Structure formats: C-alpha cells, structure tokens
Amino acid sequence: MDSRAASGGMARRTFLTASLSGIAAVALSSCTWPPPEPTPTRAATPSPIPGVPKPTAMERSRWADDPFARGAFSFDAVGSTPELREALGEPVSDRLVFAGEACSTDAPGTLQGARDSGLRAAAHVMRPGSPGERVAVIGAGVAGLTAARELLDAGYEVIVLEARDRIGGRVDTVEDPSGDGTAEFGAMFIGDDAGLELALTAAGVDVRPTPDSTLVRTLDGTAVEPSDAGWQAIAAAQAWAQGSSEDVSLATALATSGVLPLPDEPAADGTTPADWLRHSLASGVEPATGALPTTVSAQRFDAARAEASVAFVTGALSDWLTSLAEPLEVVLSSAVVRIAYDDERVGLRFDSGESLSADRAVVTVPLGVLQTDTIAFEPALPLLHQRAVATLGMGVVDTVRMRFDEAFWRSPAPATARPGDEPAEPPVFLSTVGGVPAVGLWIDVGVASGTGEPVLVGLIAAEQARRLEQVSDREFREAVLPGLAPFATAAG
Ligand SMILES: Cc1cc2nc3c(=O)[nH]c(=O)nc-3n(C[C@H](O)[C@H](O)[C@H](O)COP(=O)(O)OP(=O)(O)OC[C@H]3O[C@@H](n4cnc5c(N)ncnc54)[C@H](O)[C@@H]3O)c2cc1C
C-alpha cells in the first residue's frame, strides 16, 4: 500500500488536509478543465444526518477573514520558484529584512520554516549591524519572536511590534472551552526537524509521534484499502509539466498531459481511479497548499514533502512563544501601516498615528498581509521583492473543533489492517472517498493526543474555507456534519 495515498498526503501535511472543492470534483468526473462554477452549497446529505449526533461544542477558525493573516500559509502558485522565496528574505538597503514562513525554501508554510526564517533574518541584521543598535521586529509570531530573541541575545536593543492583542500569530492556542486542556486553531503538528523539536522541548511543550493511520470509507460507510491511482496520476501530470519551460497549474497539467481520462472501471470495492484522484487532491494537494489545483504550480507542488513524519503537539504551542517573548519588549495592539526606509534608518507609523524610528527592522507579517495594501513601503520595495509577493500564493485552511458525547466514529480496526492484525489504537485520520465532503480530513484528537477524549478536528481548504467562513454556525454544521455520516453508519 502506498502510505501517501493511504494517508491522503498524510504525515506532515495531514494537518492541512481539507476537502476537494466542488470545482475540482466536477472537473475530474467529467475530465475537463476549466470546470464549471461551483454550486453555492454542498451539504452532501440533508440534515438531520442519520447517525451523526450534534456536537456538544464547536469552535472554528477564520484565517482568510483575519486581517493580520489573510490566509493560513503560503503555497507555490503557478510561476513560483524557490528563488522568489529566497529573494523575499533578502535584505533591502541593509535596513529592512523580511522573515516568515513564506521566506523559507526548505519548509514553507510550517513552524519550522517560520523559525528558520527568523534565524536567517537575525543573521542578515547582524552582518552589517552592531550590538547596541535598535531593531524593530514587526510581528510576534514564530519568525518575529525567533529573530527578536537572537538579536536580543546578541546585544541588540529590540522592540517587537504586534498588531494583535496577543502574541503567536498563526499559532493560536486557546483554553479549550469545552474541555480541560488547550486547543490549537493554527499549527498543531510538527515535521521532522531536530531544531524545532529541541526548541519545543526546552519550552516544555510535549509532542507525541503520530502513527500513519488513516481510515478511508466510501459514502455508504464501507472501509476501503486506499489506492495510489490518484497520486500516480498527479505524478504523471507533474512529470509532463516539468518537461515544459513554462509552468502551468496542476489542473491544466492533468487535463492536457494525457493523464485524463482515468479509467472509470470500478474496483471490487466500487471505487474508481477518478475517485482516488479526487481523494488525493482533497487530502494531499489542497491541504498542502490551501488552494485549488487550478492555482497550484504543477512544476513545484512537492508531494514528497507531504510524506515527512509528524508529531502531534500535545502541549500548548503558546508556551513556546511565551518563553521566547519573556525577556523581550513586545508592544501589542500596534498595527504598522507605513514603513519608510533609507540607507540610514527605518521609520514606522502605526494605525494609532504614532511613529517610531529604528536602525533596522525585521518585517514578519504574513504574505497574505503583504499582498494587501495594509502596509505602505516608502520607497516601494525592490522589484524582485514585489514579484515574490505577487507570485507566491497564500492558501486558506480552516480548522473546526467538535466535541461529542462519545466517539461514535472510532473504529476498532483501520482499513489498512490485514486479517489477524491487531492495531494498537484507532486511526488518527479519517477521510471519505467517492464524495465531496466539506471537510476532507478529520483528525481524531483524542487518539492523536492519547487522551481518548471524543473530539474531532476537521480541516477545510481553499474556496470551501473562504465560503464557510461567511456562514452562520448552524449553516456551517449543516455543511460539515454530513461528511461524518459514513463513520456513523460504518460497515466493515
Ligand atoms: C489552520 C492552520 C494550520 C496549520 N498547521 C500547521 C501545522 O500543523 N504544522 C506546521 O508546522 N505549521 C502549520 N501551520 C503554519 C504555521 O502556523 C505558520 O507557518 C507559522 O505559524 C507562521 O509563523 P510566522 O511568524 O511566519 O507568521 P505569523 O505567525 O502569522 O506571524 C506574523 C505576525 O505579524 C502580525 N502582523 C500582521 N500584520 C501586522 C501589522 N500590520 N503590524 C504589526 N504586526 C502585524 C500578525 O498578527 C502575526 O502575529 C498552520 C497554519 C494554519 C493557519
């Protein structure tokens, strides 16, 4: 069995998985691109949903709507290159340095990438700078606090300026309103990075290895052995695209490379290769990017990165950020609206009208914010920086956390178990094949954390996430809960 297909682009990127949009589903079933417009609502089955109880508590994120994020993380849109990410992190006039996950070439879109970029930015400041200089760090997320701590420890006078009334940025740890511990509404898994793990351990943040255990069910609740037909089709389309001088979207590559149409002959379990392509897009490509296949670069999408091993953060990620921030001067609720720079100084203006001057500045606001006109740069940024901001994509992934009276979805044995196998614990990841649910992947938090609590986190990506951010909680539940029906009426 292909673990990537089994896990749906699992491992490190599992956390990012969300549903395949109606757009892609329609397109792939008809094997044509571009697809027709999506229908406005996609509740798969009418409410009330057979066997699916109402959650006793529900909380959700709205990252696209968040003015200080404008999305979840960056992705390689058509035309993106690692050189553009690299260029974004290059100093401007030796006075301004950009950092943040979007500047990472090795691990964009992750905690690791954000941390690495913060370390790199601090090194960029220190090269021309001298201890004692005043450095303004804009943004108190992972990148900003990492850079600020490096600079403080090296003897710089550092001030961190944060628009929100809290630190952490896209690390959003809250007291679990319906339970005992804490809940993460941003990052919740870590990849295979010793530096990050050490940093978390030093801050007392525990992680727990995540078994690559996924249960895939068809819409009627039958557990099925995942097929790698979808990933094979994507790999073939990418190979075709990589042979061309001009980048295209994954959707275009699939449509024009000759990969489609996939055979429509159902296997013994009733699934077809086209079903598995939908599944791979929904649980691999969209979660890894927060974007539709129509915008993702066919040359750059990195399926291999989706396979790195993961650990689930069982502690509170905010403890790490708090420990980083402890000795720092952090000014909250101060949104920077203007950054003026020359060869000598950097001047900042805030939304309050106040201003501040520093020798140098590290700018860590998310790519999504840079893509708006929230912050005016004077003079305008160099063309390469502008090109990077315009070309890289900002994806959207939202989380919904639902607590139930009991874990009705928990299955005694994953589909991947062979006869006679006794799995140690139930699967962490749940997904369906053959349908278009709003949530492409559910994470059983009770299993991932080892607490056993009846809590699921669902991940919603791309246009689906943007749309559902705008609806009421009742409409949201109606759109999302039908996706759990196969786990409530499970067969096998
Ligand atoms: C739903 C979701 C799930 C994720 N899951 C994972 C995961 O499991 N594992 C993983 O490794 N990564 C995950 N990520 C990605 C990870 O959270 C980010 O890559 C990382 O936190 C980004 O850190 P950063 O410092 O680059 O940016 P941020 O954390 O966004 O920090 C930037 C800061 O700048 C501030 N700011 C914005 N505008 C202004 C302004 N005008 N003035 C002053 N301050 C401003 C923001 O408020 C913010 O605090 C996830 C992200 C999301 C949203």
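Taking the fewest neighbouring Cβ atoms within 10 Å as the starting point, the ordered list for V92, V436, V216, V362 is V92, V436, V216, V362.
Counting only C-alpha contacts under 8 Å and six or more residues apart, can you give the relative contact order of segment 62-218 as a whole percent? Don't skip to the end; give the middle numbers.
Numbers: 220 pairs, mean separation 24.9, N = 157.
It comes to 16 percent, rounded to a whole number.
The gain in end-to-end length when the E354 to E329 segment is fully stretched comes to 7.3 nm, 0.36 nm per residue minus the alpha carbon separation. The distance between label points at R387 and S244 comes to 2.1 nm (points 7 Å beyond Cα on the Cα→Cβ vector). Plainly put, the chain has a radius of gyration that is 0.98 times its Kirkwood radius, both from alpha-carbon atoms, as the Rg/Rh ratio. For a Förster distance of 35 Å, can you work out the FRET efficiency between the beta-carbons of R127 and D373, rounded to the nearest 0.05? It comes to 0.70. Charge tally for P177 (other residues, Cβ to Cβ under 10 Å; Lys, Arg +1; Asp, Glu -1): -1.
Across the chain, C-alpha contacts under 8 Å between residues 6 or more apart give a mean separation that, scaled by the residue count, equals a relative contact order of 31 percent.
Every read-out reported here was derived from the displayed coordinates using simple, explicitly stated rules and does not represent laboratory data. Nothing here was measured: the structure is a model prediction, and the numbers come from that model. Please note: Cβ atoms are built from the backbone with ideal geometry, for glycine as well, and neighbour counts cover all protein chains shown.
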